[in-house]
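Derivation of every value follows stated rules applied to the coordinates shown; laboratory data play no part. What you are looking at is a predicted structure, and each value in this text was computed from that prediction instead of being measured. Here the Cβ positions follow ideal geometry from the backbone for every residue, glycine too, while neighbour counts run over all protein chains shown.
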Amino acid sequence: MDQVFKIPLSAVFGIATIKSRDRGIGFNYKLKSAHDIDLAGLQSFEFRIGEDTFKGRILINLGPAPKLGDLVLVSVQRTGFSLSLDQIKKWLRVYGEIGGDLKYQTNHQIPQIFEDRLEVLMKLNKHIPSTLPAYGKKLNIRYRGQPLQCSKCLNLGHPRRACPSASSNWMGFVKTLVDSREIAVEMFGNWFEYLNAMNVVLETPE
């Protein structure tokens, strides 16, 4: 606290360690009394404990999560650079209106290098699952207010560790999207071919 926020340890009531699948380890501090903190220039920071140097960035509480119809910043993650911007846009447009250009994000440690992560503003008319079967790849989507989707059974409302299902149902999830007839078959890529190979009865148009 003293290295980053210039607040002495004596002013700290307690600390909580927060684990996140997407952001690594975070810390919540509770102070004994209110303090004014100048956050300008503190989007990223580093501090030392003994011989080790730790780097991080500040996450500010942005208030209530946006609702459907509100502008929301959508993050498209871990693309592996294997999908084109046009392919990603086609999938995003299934769920709402794209409000700008998809932009690759730079690496925090090497600003001149881009990561396989993009961001774009959207107005959603329905929620996007956190994993999409896009062109034979698993495309990961994140945004504020996104319902929790189990990575095992693909249903909403619980994490994988609390899943009552005995086995993964990824191809069942793919079939549900195919059967919805809201998404062009070619947008699934090899996933559609896998369904045919499994002799799954499809309900797609002729």
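The table below lists the values:
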read-out	value
Calculated FRET efficiency for the pair Glu186/Lys19, C-beta based, R₀ 30 Å, to 0.05	0.15
Sites matching trypsin sites (Lys or Arg not before Pro) across the range 126-181 that sit in DSSP coil, with at most 13 neighbouring C-beta atoms within 10 Å	Lys126, Arg181
Among Ser168, Val94, Ile128 - extreme Cα towards positive end, dipole of the range 71-197, charges at beta-carbon	Ser168
Rel. contact order, % - alpha carbon contacts under 8 angstrom, at least six apart, the range 89-204	19 percent
Nearest-20 debye value, the range 71-197 charge dipole, Cβ charges on Lys, Arg, Asp, Glu	400 debye
Under the Karplus curve 6.51 cos²θ - 1.76 cosθ + 1.60, θ = phi - 60°, whole-Hz ³J(HN,Hα) for the range 151-163, x wherever Gly or Pro sits	7, 9, 8, 6, 7, 8, x, 8, x, 4, 5, 9, 6
Amide proton proximity set for Arg117, modelled H, under 5 Å, gap of 5+	Gln105
Cα-projected label distance for Arg160 with Leu31, points at 7 Å along beta-carbon direction, nm	3.8 nm
Under Karplus coefficients 6.51, -1.76 and 1.60, residue-wise ³J(HN,Hα) of the range 102-107 in Hz, glycine/proline x	6, 10, 5, 9, 7, 5
When each of Lys138/Lys175; Lys89/Lys126; Lys90/Lys138; Lys19/Lys103; Lys19/Lys126 is checked by Cα-Cα distance, pairs over 22 Å	Lys19/Lys103; Lys19/Lys126
Amide H contacts of Asp70 (H built 1.01 Å from N, under 5 Å, at least 5 apart or other chain)	Leu124
In Hz, Karplus ³J(HN,Hα) per residue of the range 76-85 (6.51, -1.76, 1.60; θ = phi - 60°; x = Gly, Pro)	9, 10, 6, 6, x, 6, 9, 10, 7, 4
